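Chemist: Here it is, the structure, as structure tokens.
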Amino acid sequence: MYNTRKKIGSQIQKFFFRKKIDKKTFKILEESLLLCDVGLNTASKVISNLKKKVIKKNIIDKSIVLNILQDELLYILKKSYKPLIIKNKYPFLILVVGVNGVGKTTTVGKLAWKYKQQGRSVMIAAGDTFRAAAIEQLNIISKKILVPVVSQHYKADSAAVIFDAIQSAKRKNVEILIADTSGRLHNNKNFISELRKIIKVTKKIDVSFPDETILVIDSSSGHNIINQVRIFKNETNVTGIIVTKLDGSAKGGMIFNISDEFNIPVRYISTGENKEDLHKFECESFVKSIFK
């Protein structure tokens, strides 16, 4: 979040240097949001609401203006916030989807480790059979975190791998099954068809499957993320999002776009490569952190 905070911070300094609150000051605040990849529609909405409140109450204290801005951003996040409740059904199936290169397979390992640390029994399904390296990667991760993984050979049927993993999890009474999937371009028709097949196969076992579909997105991808979210939501009914690579990106503002446009809750954010670097997303903490 450092780079996001740095971008906003430089603009906020300009804001405080202004002698009075006028059109220029609101423009500076809007630019601060745009620089951090808050989309134009969302940024305009936030600044419009801010301007109305400031004018209505005749506020001249810049610190109060800044507090109202933070409240407006927090409101957007809270509208979509809904905690993930792990139901007492074995297994609770979490399907992890996303394009290639976002850190999806690594995130699956981090998520498994996090739930294991909570005292839950966890299993991983190596459903990304498109990359031989992904299968090997999950096998290595599973040994490190002591979580079993169900895998098959390179280019095996992903739906079959996940089907077998569900059956295994049922037999062993595993609480949470996290299924990795192949990561390719979001507009790849074959990939989308594969995801549909996976979902169809899992529903043959339990009509409520998957219990959670998590979309992993890379914070540095900019506005292309909106297209990714739109397509995955339409095709797989995304119920939660994990944002990766926030440690090196100044683009953290796109989280507000996602919440505003799609009403999908962000579950976790990843700020590094270590298994401990996956953090539960907290609306208040996130907004405060970028204005420190």
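None of the figures in this text is laboratory data; all of them are computed from the coordinates on show. Just so you know, these numbers come straight off a predicted model, no measurement behind them. For neighbour counting, all protein chains shown are included, and Cβ atoms are generated from backbone atoms with ideal geometry for every residue, glycine included.
Chemist: Please report the antiparallel percentage of the DSSP beta bridges confined to the chain, to the nearest 5.
Modeler: The antiparallel fraction comes to roughly 10 percent.
Chemist: A further question follows. Need the full-extension length gain, Ile55 to Asp247, defined as separation in residues times 0.36 nm minus the C-alpha distance. One decimal, nm.
Modeler: In short, 65.4 nm is gained.
Chemist: Roughly how many Å is it from the Cα centre of the range 24-39 to that of the range 108-152, as a whole number?
Modeler: Centre-to-centre distance over Cα atoms comes out at 41 Å.
Chemist: Over 22 Å between Cα atoms, which of Lys78/Lys275; Lys62/Lys288; Lys82/Lys203; Lys56/Lys82; Lys78/Lys233; Lys104/Lys197 qualify?
Modeler: Flagged as over cut-off: Lys78/Lys275; Lys82/Lys203; Lys56/Lys82.
Chemist: Check Asn100: other-chain or 5+ apart residues with amide H under 5 Å from its amide H, H built from backbone geometry?
Modeler: Arg184, Leu185
Chemist: Okay, next question. Expressed in nm to one decimal, what extension gain is obtained for the pair Val207 and Ile64 from 0.36 nm per residue of sequence separation less their Cα-Cα distance?
Modeler: Computed gain between Val207 and Ile64 is 46.5 nm.
Chemist: May I ask you to derive the relative contact order of the chain, considering only C-alpha pairs under 8 Å and at least 6 residues apart, and to give it as an integer percent?
Modeler: Contact order relative to length: 27 percent.
Chemist: First select every other residue whose beta carbon is under 10 angstrom from the beta carbon of Asp260; then total the charges, Lys and Arg +1, Asp and Glu -1.
Modeler: It works out to a net charge of +1.
Chemist: Below 13 angstrom from the Cβ of Ile68, what's the summed charge of the other residues (Lys, Arg +1; Asp, Glu -1)?
Modeler: +3
Chemist: Then there is this: If Rh is defined by the Kirkwood formula over all Cα pairs and Rg also comes from Cα, what ratio Rg/Rh do you get for the chain?
Modeler: Here the Rg-to-Rh quotient is 1.04.
Chemist: Then there is this: Near Cys283, within a Cβ-to-Cβ distance under 15 Å, what is the net charge of the other residues, with Lys and Arg +1 and Asp and Glu -1?
Modeler: Surrounding charge for Cys283 is +1.
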